[in-house]
Each structure stands twice: as C-alpha cells, then as structure tokens.
Amino acid sequence: MLRYYETKTMTEKYRKYRPHYPVQLAEDALGNLKEKKLDFLLDVGCGGGQSVNIFAPYFHEVLAIDPSENQIKEARSQNKFAHVTYKAGFAEKLPCDDVSVDVIIAGASVHWFDRQKFYEEADRVLKPGGRLVMFGYWSPKLVPLGLTGDVTKLSEIGSQLIHDAYLYGTKWNPDVKEVYLLIYNKYTTIFNEIKYAKKLRYDHFTEGEVWSLTDVKGLIQFIDSYEPYMKSKQMELKELSEEERNARLLELDYSEQFVRSLKESWGGTEMENSDVKMKVIFNFFTIVANKPY
C-alpha cells in the first residue's frame, strides 16, 4: 500500500483543497437502500472525513478508518455526527466482524490499497446483499471568469495544464504511474476486477466552485506525489547555498510552473494569483457493486 497523505502539511492541504463530494453521489450509490435507515457503514481510507459527511445521515452507526493518525485527528476535529467513530485502520485488515457491514465506501482511496486483499476483506465483512461503493475523481476542468478572450479555448488550455500537472508525478516516481492510470481511466480496471455480478457505475459533475489561482496552486501541491518530489529536490540541492537552493527549487516547483503557464495563456501575467478567478469543475466517477445473497 502506497501512503502519501500522512504528514501534517499534507493533512492540512487535504482538508483545504480536496473537493467536496456532491450529495447526489451518495444518493445514487445507495439507491433503494436509502428507503430505510441502515445499520452500519464502514468508510475505508476516510482521510479527513469528506465522504462521511454525505453518507452518514443514512446509517445508525458509522466506522471510518484510515492508516494516517494525522488524518484521523483531522477527521475527529471536523466531525459533525454523534454516531460516527474514527480510528486508525487498514483496508487489508478491516476491523469488523464477519457479515456485519451493510455498506462499505472508499472515496478516492481504493487505488492506494492492496486491492485483492481489500476485496477479500470486503467480501468477508459485508452482509449478504451488502454494497461496496468506490469513487474517485481526476483533474478538474478550469473555466476562466472575468477575462477577455474565447472562454472555451482558454478553458481547454487551462484544463490541459492542470491535467499535465497531475501527471507530473509519473515522470519522476514510477510507483505512482499505475495508480494514476487507474484514476485517469475512471476506475475501469477496478470495475472489471470486481467479482460481484451485480455492479454499475455513475458519473457526477460538480456545479463548479469559484476558486482563485492561489487555490488551484494549492490543489496541485495537495497531489500525493508533490511533497515527496519537493523533498527529493531539496536533498539533491543540499550542497548549494540557501539562496541558490531556494531559487532553483522555485524553478523546479511544478505548481509554480503551472501558475506561470496559466497566467501567460490566459493573459494575466500582471495579475496577482488571488485575482485570477475561475470555476473549478470536478467529474466524480462511482462504482457500486452488490454482494450476492
């Protein structure tokens, strides 16, 4: 299992820049199950608790687990529900009894698991007729606001630039290449891996939150491979003076490269990052699979 979201700085960025899941995602994923309140939900790889917020109202009891103690602390600090419990735990060894769980969810996390072990554990703990829900998202569409020019064309350019920034991690870290391809292909491989016959998928789009370029730069710095990339570059440049090292790191920082390229292509080179506004639209893809009775 690859683990990138466990440092305090990444946990803070995770809370600030991870997109909010649309309520419709939970409603479609639960479907007919939400006609009555269900007993037990297990959220695997819960992070800061974003998934819990849209699923918890449909259950009497929720257990949310994550391998990162920092993420669990963050989730507890943000928790709004008396019936939700957060604790450290692993997808490959779920802390639940056999046939005890109504629904398992994994929000933007299953691509990091040892998936075969997770599928075996999910099958062990799910009740007959229980449901496995896995969802994720890729780089967003960027639509400029308040700028002159062809909005459609500028949006295409900006969206491609952030797409390229998302893929940057694969250029220096081969460990994440397979993971990124899983997400880029909207979990097609994961869908095909599921052995349950009754399975389907949904797509959901956010309405589009208004963000500044400062926010979008933060989103790039929240990408799992960004922090280890910058630390590796710091180590490579440790023999330089502090001034030289900082200047070189600024050149190598692909969040900065994205900002410069976007400003140039959008005609905003003289603008402050906070004044460059855009709609940020995410596409969420969801897999729903039912354990047979």
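Quick check on Thr148: is it in a helix (DSSP H, G or I) and either open to solvent by 50 Å² or more (accessible area, probe 1.4 Å) or closer than 26 Å to Lys263 by Cα (or both)?
Answer is no for this residue.
Which condition breaks for Ala108 when tested against (1) open to solvent by 10 Å² or more (accessible area, probe 1.4 Å); (2) over 24 Å from Leu200 (Cβ atoms); (3) under 19 Å from the mean Cα position of the chain (by Cα)?
Every listed condition holds for Ala108 apart from (2).
Within the range 13-52, count every residue that is in a helix (DSSP H, G or I) and either open to solvent by 60 Å² or more (accessible area, probe 1.4 Å) or at positive phi (or both).
8
Looking at (1) open to solvent by 30 Å² or more (accessible area, probe 1.4 Å); (2) closer than 25 Å to Trp172 by Cβ, which one does Leu237 not meet, given that it meets all the others?
Checking Leu237 against (1) open to solvent by 30 Å² or more (accessible area, probe 1.4 Å); (2) closer than 25 Å to Trp172 by Cβ, the one that fails is (1).
Hey, Ala165 hits all of (1) out of contact with any helix residue (DSSP H, G or I) (no Cβ under 8 Å at 6 or more places or on another chain); (2) over 29 Å from Lys36 (Cβ atoms); (3) part of a helix (DSSP H, G or I) but one; which does it fall short on?
Ala165 satisfies all of (1) out of contact with any helix residue (DSSP H, G or I) (no Cβ under 8 Å at 6 or more places or on another chain); (2) over 29 Å from Lys36 (Cβ atoms); (3) part of a helix (DSSP H, G or I) except (1).
Just for the range 255-293: of the residues that are of a type in the set (A, V, I, L, M) and within 30 Å of Val101 (Cα to Cα), which one is nearest to the chain's Cα centre (by Cα)?
It comes out as Ile287.
Being at pLDDT 95 or above and assigned to a helix (DSSP H, G or I) is the filter; apply it to the range 168-205 and report the residue that is least open to solvent (accessible area, probe 1.4 Å).
Only one residue tops the list, namely Ile190.
Inside the range 176-194, can you point out the residues that are among the hydrophobic types (A, V, I, L, M, F, W, C) and free of Cβ contacts under 8 Å to residues at least 12 places away in the same chain? Before you say what the answer is, go through the steps one by one.
Here is the first cut: in the range 176-194, the residues among the hydrophobic types (A, V, I, L, M, F, W, C) are 176, 179, 181-183, 190-191, 194.
Within the range 176-194, just Leu181 meets the criteria.
So which pairs qualify, if the first residue must be in the range 79-108 and of a type in the set (Gly, Ala, Ser), the second must be open to solvent by 40 Å² or more (accessible area, probe 1.4 Å) and outside any strand (DSSP E or B), the Cβ gap must be under 7 Å, and the two must be at least 6 apart or on different chains?
Ala88/Glu69; Gly89/Pro95
Here is a yes/no grid of residues against (1) over 28 Å from Leu132 (Cα atoms); (2) without any contact (Cβ under 8 Å) to a residue 40 or more places away in the chain:
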site: Leu200; (1), (2): no, no
site: Asp203; (1), (2): no, no
site: Gln221; (1), (2): yes, no
site: Met230; (1), (2): yes, yes
site: Ala247; (1), (2): yes, yes
site: Leu250; (1), (2): yes, yes
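Kindly establish whether Ala82 is more than 15 Å from the chain's Cα centre (by Cα), of a type in the set (A, V, I, L, M, F, W, C) and open to solvent by less than 30 Å² (accessible area, probe 1.4 Å). Walk me through it before giving the result.
On the way: more than 15 Å from the chain's Cα centre (by Cα): yes; of a type in the set (A, V, I, L, M, F, W, C): yes; open to solvent by less than 30 Å² (accessible area, probe 1.4 Å): no.
No; evaluated as a whole, the condition is false for this residue.
Could you identify the single residue in Glu256, Glu270, Glu264, Glu243 that is at pLDDT 90 or above and either in contact with a Leu (Cβ under 9 Å, 6 or more places away or on another chain) or of a type in the set (Gly, Ala, Ser) (or both)? Break it down stepwise before answering.
Working: Glu270 fails: either in contact with a Leu (Cβ under 9 Å, 6 or more places away or on another chain) or of a type in the set (Gly, Ala, Ser) (or both); Glu264 fails: either in contact with a Leu (Cβ under 9 Å, 6 or more places away or on another chain) or of a type in the set (Gly, Ala, Ser) (or both); Glu243 fails: either in contact with a Leu (Cβ under 9 Å, 6 or more places away or on another chain) or of a type in the set (Gly, Ala, Ser) (or both).
Only one candidate qualifies: Glu256.
The values are calculated or read from the model by the stated rules, or taken from the named source; none is laboratory data. Note that the structure is predicted; figures quoted are calculated from it, not measured. Note: ideal-geometry Cβ built from the backbone for every residue, glycine included; neighbour counts use all protein chains shown. Ligands, DNA and RNA are excluded from the accessible area calculation, which covers all protein heavy atoms including side chains. Shrake-Rupley method; radii C 1.70, N 1.55, O 1.52, S 1.80 Å.
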